[in-house]
């Protein structure tokens with residue numbers, strides 16, 4: 001199995017995120033104005049596709065890592081997932097009790113918050129194990 005280098009990973013992620021930003025500026029503003037349901041779904045899914053590709057690239061990177069790096073990724077992902085799940089559960093109960101009123105649009109923040117917590121935890125764990133802590 002050929003090594004998936006950090007340079008290739010960063011290049012692929014950079015391209016995918018550039019496409020995502022381009023789609024957000026060009027396609028996303030029209031989603032609410034399109035009357036056809038199939039077109040609305042297509043515009044929504046085409047914007048999400050680069051993010052799904054980045055998730056796949058992250059999985060590929062972890063699979064090509066050594067055992068310690070895989071453990072760091074798994075621990076970081078576990079911590080981030082636990083925090084986001086707990087926050088979602090608390091928010092859900094507060095909404096159900098009528099204490100908090102949130103739209104469904106709040107779900108758009110789940111992936112970015114999960115990613116930020118994952119990155120911060122991975123950085124902290126990497127430094128804790130004596131590495132540079134870079135992702």
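On the given criteria, is residue 4 part of a loop (DSSP other than H, G, I, E, B) and under 30 Å from residue 129 (Cα atoms)? Yes. Across the range 86-104, the number of residues qualifying as part of a loop (DSSP other than H, G, I, E, B) and within 20 Å of residue 117 (Cβ to Cβ) comes to 1.
Residue count for the range 2-56 under the criterion of being farther than 22 Å from residue 114 by Cβ, in contact with a helix residue (DSSP H, G or I) (Cβ under 9 Å, 6 or more places away or on another chain) and touching a residue at least 60 places away in the same chain (Cβ under 8 Å): the result is 1.
Bear in mind that the values in this text are calculations on the coordinates, not laboratory data. Since this is a predicted model, take the numbers as computed values, not measurements. Please note: Cβ atoms are built from the backbone with ideal geometry, for glycine as well, and neighbour counts cover all protein chains shown.
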